[in-house]
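Reviewing the structure listed below.
Every read-out reported here was derived from the displayed coordinates using simple, explicitly stated rules and does not represent laboratory data. This one's a predicted model, so the numbers in the text were calculated from it and none came from an experiment. Neighbour counts run over all protein chains shown; Cβ positions are idealised from the backbone, glycine included.
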Amino acid sequence: MQETERIEKALQTFMDADDSAALLNESMRYSLLDGGKRVRPRLLLLICSMLGGREADAMPFACALEMIHCYSLIHDDLPAMDNDVIRRGKPCSHVKFGEGNAVLAGDGLLTKAALVLASQNGFDEAKRAILEGAYAMVSGQSDDLNLTERSAEALERIHLNKTGALFRAACVAGAYLSDPSKAEMMHVFGDTLGLLFQMTDDLLDEEKDRAEAKLTFVTFYGRETTKAYIEEAYCRAEAILSPYSGEAADALRTLISALRSRTY
């Protein structure tokens, strides 16, 4: 069974554990159990494995991280934020269940993530890394929503948090669950992947972002410079992984290559 399938099974188990508040549970499951790419939990599991940790220890942390990510997508899609109506090929939570219930679904997933983390024994640094990532993500979203300057510094600050924070959390938590001495290196790796992911997103969303006058890497630097920055980020990530071999390291290389060249 691939790690993505194991993540799906674990997420299902965590959600099956709660049979109260039927509509809340349905709306949480609607957004969480919808076959997303699971990039962030996969990163956490693979880094933990690469550095000598146990997947059994890491899986609850990976699931909590994915719950936080999905909560952020629900809230991002709301009319007061990005005002999107389709997410992963189906109606967004607020379209399906109404705005109030979508807000509550996001609240529920964030709280469920905290409960999952609290139920784990030890690994306090990994718990803190994930919760710090969640707060930094919200900070980046706030900066983006209330943007007052269009500068290179503002662009990088927003996306190191809004997008990069959960990548950073995945990588740092993976280190704390296996080899804490590698946490600083994994912090750099996570930041690099977060920017790589965001810059690729900006290439894919160029037409829409220009129409809405959004500050993105493409609208600020242009397509060719953004592509060059993507290659630089990819090479930095590859260099960090270069000392490592084995199945997990190879899977990480495959994952970052897919992030670099994705078309969706």
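Observations, loosely collected:
- Here Ala80 clears all of (1) of a type outside the set (D, E, K, R); (2) closer than 20 Å to Ala134 by Cβ; (3) assigned to a helix (DSSP H, G or I); (4) more than 16 Å from the chain's Cα centre (by Cα) except the condition numbered (3).
- Within the stretch 173-194, the residues that satisfy the criterion of being crowded, with 24+ Cβ neighbours inside 10 Å and closer than 18 Å to Ala233 by Cα are Met186, Phe189, Gly190, Thr192, Leu193, Gly194.
- Scope the stretch 177-222; condition under 14 Å from the mean Cα position of the chain (by Cα) and of a type in the set (A, V, I, L, M); matching residues: Leu193, Leu195, Leu196
- Subset of the stretch 239-264 [part of a loop (DSSP other than H, G, I, E, B) and touching a residue at least 40 places away in the same chain (Cβ under 8 Å)]: Tyr244, Gly246, Arg262, Thr263, Tyr264
- Total residues in the stretch 117-154, condition over 14 Å from Ala169 (Cβ atoms) and surrounded by 15 or more Cβ atoms within 10 Å (Cβ to Cβ): 5
- Each residue in the stretch 149-168 was checked for being free of Cβ contacts under 8 Å to residues at least 60 places away in the same chain and touching a helix residue (DSSP H, G or I) at 6+ places or on another chain (Cβ under 8 Å), and 11 pass.
- Counted as qualifying within the stretch 175-223 are the helices (runs of 4 or more DSSP H) with 3 or more residues that are within 20 Å of Ser49 (Cα to Cα), namely 183-204.
- Some residue of the stretch 50-71 being in contact (Cβ under 8 Å) with a residue 60 or more places away in the chain, in contact with a Phe, Trp or Tyr (Cβ under 7 Å, 6 or more places away or on another chain), assigned to a helix (DSSP H, G or I) and within 20 Å of Leu259 (Cβ to Cβ): yes
- Residue list for the stretch 37-48, filter: buried (at least 20 other Cβ atoms within 10 Å of the Cβ) and not in a helix (DSSP H, G or I): Arg38
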